[in-house]
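Contents: one structure, followed by commentary.
Read the figures in this text as sums done on the coordinates, not as results from a lab. Because the structure is predicted, anything quoted here is derived from the model rather than measured. Here the Cβ positions follow ideal geometry from the backbone for every residue, glycine too, while neighbour counts run over all protein chains shown.
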Amino acid sequence: MTFPKNFLWGGATAANQIEGAYDVDGKGLSVTDITTAGSLNEPRYLTYKLNGKLEKTPAVPGAGLPKGAVGTIDPNAYYPNHVAIDFYHRYKEDIKLFAEMGFTTFRISIAWTRIFPKGDEEKPNQAGLDFYRRVFEECKKYGIEPIVTISHYEDPLYLSEKYNDWQDRKMIDFYVKYAKTLFIKYKGLVKYWLTFNEINSALLMLNSFGNDVVDNKAYQHAYQKLHYQFVASARAVKAAHEIDSENIVGNMICGVVDYPLTPDPEDVLATRHVMEQNIYYCGDVQCKGKYPTYSKRLWNEHNVHLDITEQDKKDLAEGKVDIYTFSYYMSNVITKHKVEDKVSGNFSAGAKNPYLKYSEWGWATDPTGLQYYLEVMYDRYDLPMMVVENGLGAIDKIAADGKIYDDYRIDYLRQHIKAMQKAIDDGVDLIGYTTWGCIDLVSAGTGQMSKRYGFIYVDRDDEGNGSLDRIPKESYYWYKKVINSQGKDLD
Ligand code: BG6
């Protein structure tokens with residue numbers, strides 16, 4: 001069991017979770033910049049002014065502000081992404097550490113607001129463009145292939161306020177202009193692009209609140225937003241190919257596998273319907289270039305009437321992605337029966353699976369689910385695939401000898417690498433693996449630093465204290481061995 005020779009090994013991050021420097025060199029505010037810290041029990045909040053009064057509303061990645069609200073930084077709140085792990089000033093040190101681990105790829109995202117601070121400017125911000133050029137050149141120095149997410153949960157605040165979180169067709173043009181700027185400026189430096197991080201989270205997160213809590217309006221909002229994003233993505237794919245035929249563009253899906261709790265046919269059917277809504281819907285449009293048959297049922301369920309034109313349909317058909325990429329952390333269980341033991345995590349909620357272990361944050365460890373997901377999706381789309389996020393969020397402690405013994409993380413990753421091997425053996429064309437948070441970063445869900453994923457420890461706590469020093473963990477040396485042996489030595 002070996003991985004293909006050119007298999008890409010590396011790690012993944014997102015601009016807002018690592019860079020910090022939130023107001024440096026002309027950067028505009030993004031939605032994440034007005035998102036406070038949370039915890040396991042306390043949500044993160046978006047802070048804003050409405051009629052002059054400072055208010056807050058629970059934040060979920062990708063969600064917007066209430067109508068008429070003006071995103072505002074509350075001087076009394078803590079915003080962990082403002083400094084994050086200061087990658088903006090320490091990227092050289094970090095990329096060197098990745099190179100020493102043997103990375104052949106590094107997934108990073110671009111902060112839209114560094115390039116277009118408000119989102120609708122005529123000309124891009126040169127200082128922002130220069131920063132990413134330096135980062136990509138640094139990667140090149142070590143032979144590291146960047147995989148770049150164009151939009152990772154950080155829309156420009158100005159656009160989000162003005163166009164109510166993608167409820168306006170104009171958003172398509174702003175996004176396409178931004179994407180084209182990147183393709184032109186970084187031609188020759190970047191060839192792998194992902195259009196929207198976990199695009200399906202717009203639907204997934206509604207499901208996690210339960211249909212009894214979420215009304216039709218929320219679904220109508222999500223489906224319309226997705227339609228504009230699908231068109232924006234398709235037009236970006238076309239532009240990427242026109243600008244450089246070497247470009248390879250992928251979608252990015254939050255991959256959660258759903259299992260029926262019982263063999264009751266109602267549970268089995270419900271599970272299929274949940275998969276259709278939450279997972280297949282976005283993948284089908286982006287990979288097959290058209291809406292699937294079951295869309296009608298989904299739209300009817302929530303009285304959705306999309307603003308969709310003939311040109312949109314043409315764009316979708318012409319802008320199919322080249323590769324299918326996804327994050328994978330856990331699986332979820334669906335049932336129509338009443339259950340006592342419920343769990344929720346990673347935008348999903350369901351019954352507890354008695355066969356799996358759960359993390360402190362309620363995320364199930366299920367490597368078999370990864371194999372299952374790879375096999376099902378490869379059959380469905382027949383496209384090369386990449387696992388662009390996978391990892392275990394855990395609390396790490398520095399031992400008396402100054403080291404970090406994160407054997408639980410090694411164990412999690414080992415099991416998932418084995419699952420990938422099995423899928424490859426079964427014929428899946430898997431071309432790369434980037435573990436999530438290859439260096440500790442700010443959690444998207446909770447805003448914590450203490451929910452750590454990295455191979456490299458960053459000295460910073462949940463209140464913003466710490467030297468920001470980097471310390472390689474045990475898993476750092478283990479992953480180095482894994483990469484050096486092309487996935488053979490997993491001990
Ligand atoms: C994915 C996101 O949902 O999961 C990342 O793409 C995120 O941005 C990751 O950080 C892990 O989630 P969390 O909430 O533990 O940070």
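Annotation note: trypsin sites (Lys or Arg not before Pro) in segment 1-103 located in DSSP loop regions with a Cβ neighbour count of at most 11 within 10 Å are Lys5, Lys67.
Compute and list, largest first, the equivalent-ellipsoid semi-axes of segment 122-189 from the alpha carbon gyration tensor, each √(5λ) rounded to a whole angstrom.
Those come to 27, 12, 11 Å.
Amide H contacts under 5 Å for Thr149: Ile108, Ser109, Ile110, Leu194, restricted to partners 5 or more places along the chain or on a different chain, H placed in the peptide plane at 1.01 Å from N. Listing Leu383, Leu206 from fewest to most neighbouring C-beta atoms within 10 Å gives Leu383, Leu206. Counted over the chain, the DSSP beta bridges are approximately 35% antiparallel. Simple spin-label estimate for Lys314 and Asp264 gives 5.0 nm between the two label positions (7 Å along the Cα-to-Cβ direction from each Cα).
Between Phe455 and Ile439, Asp440, the built amide H atoms are under 5 Å apart, and every one of these is 5 or more places off in sequence or on another chain.
Across all directions, the shadow cast by the convex hull of segment 377-489 built on its C-alpha atoms averages 8.1 square nanometres.
Taking every pair of alpha-carbon atoms in segment 150-224, give the share separated by more than 16 Å as a whole percent. For segment 150-224, the share of Cα pairs beyond 16 Å comes to 61 percent. Of all DSSP bridge pairs formed entirely within segment 1-152, close to 55 percent run antiparallel.
Could you list, in their original order, any pairs among Lys53/Lys162; Lys141/Lys403; Lys141/Lys177; Lys403/Lys480 whose Cα atoms are separated by more than 21 Å? Violating the 21 Å Cα-Cα cut-off are Lys141/Lys403; Lys141/Lys177. Using the Cα centre of the chain as origin and beta-carbon charges of +1 (Lys, Arg) and -1 (Asp, Glu), tell me which of Gly283, Cys139, Leu298 is placed farthest towards the positive end of the dipole. So the residue furthest toward the plus end is Cys139. Counting only DSSP H runs of at least 4 residues, each contributing -39500 (n - 2.57), and dividing by the residue count of the chain, the helix-based mean residue ellipticity at 222 nm comes to -11000 deg cm²/dmol.
What per residue convex hull volume, in Å³, comes out for the chain when only alpha-carbon positions are used?
Convex hull of Cα atoms, per residue: 146 Å³.
Loop-located chymotrypsin sites (Phe, Trp or Tyr not before Pro) in segment 1-80 (DSSP state other than H, G, I, E, B) with a sparse environment of at most 15 neighbouring Cβ atoms within 10 Å: Tyr78.
The residue among Tyr48, Ile410, Phe230 whose Cα reaches farthest toward the positive pole of the charge dipole of the chain, with charges on the beta-carbon of Lys, Arg, Asp and Glu, is Phe230.
Under a cut-off of 15 Å between alpha-carbon atoms, report the aspartates and glutamates in cross-link reach of Lys170, not counting same-chain residues fewer than 8 places apart. Leaving aside aspartates and glutamates fewer than 8 places away in the same chain, those within reach of Lys170 are Asp120, Glu121, Glu122, Asp155, Glu161, Asp307, Asp312. Note on Asp469 and His89: the model spin-label points, each 7 Å out from Cα along the C-beta direction, lie 1.7 nm apart.
Checking the cross-link pairs Lys140/Lys481; Lys187/Lys314; Lys320/Lys422; Lys180/Lys238 against a 19 Å limit on the alpha carbon distance flags Lys140/Lys481; Lys187/Lys314; Lys320/Lys422 as lying beyond it.
Loop-only check: which chymotrypsin sites (Phe, Trp or Tyr not before Pro) in segment 296-397 are DSSP coil with at most 12 other Cβ within 10 angstrom?
Tyr355
The share of Cα pairs per 5 Å bin across segment 241-392, counted from zero up to the longest distance, runs 2, 8, 15, 19, 18, 15, 11, 6, 3, 1, 0 percent. With the biggest extent put first, the Cα atoms of segment 168-320 measure 53, 29, 25 Å across the principal axes. Reachable lysines from Lys338, Cα under 29 Å, same-chain residues fewer than 8 places away excluded? Lys338 reaches Lys217, Lys296, Lys352, Lys357. Compute the signed sum of charges (Lys and Arg +1, Asp and Glu -1) over the other residues within less than 12 Å, Cβ to Cβ, of Phe136. My count for the surroundings of Phe136 gives +3.
Note on Glu55 and Glu375: with the Förster distance fixed at 60 Å, the Cβ-Cβ geometry gives a FRET efficiency of about 0.80.
Computed from Cα atoms alone, the Kirkwood hydrodynamic radius reported for segment 234-318 is 15.0 Å. In plain terms, the C-alpha convex hull of segment 1-155 casts an average shadow of 11.9 nm² when viewed from every direction. Take every DSSP beta bridge whose two residues both sit in segment 385-491; close to 50 percent of them are antiparallel.
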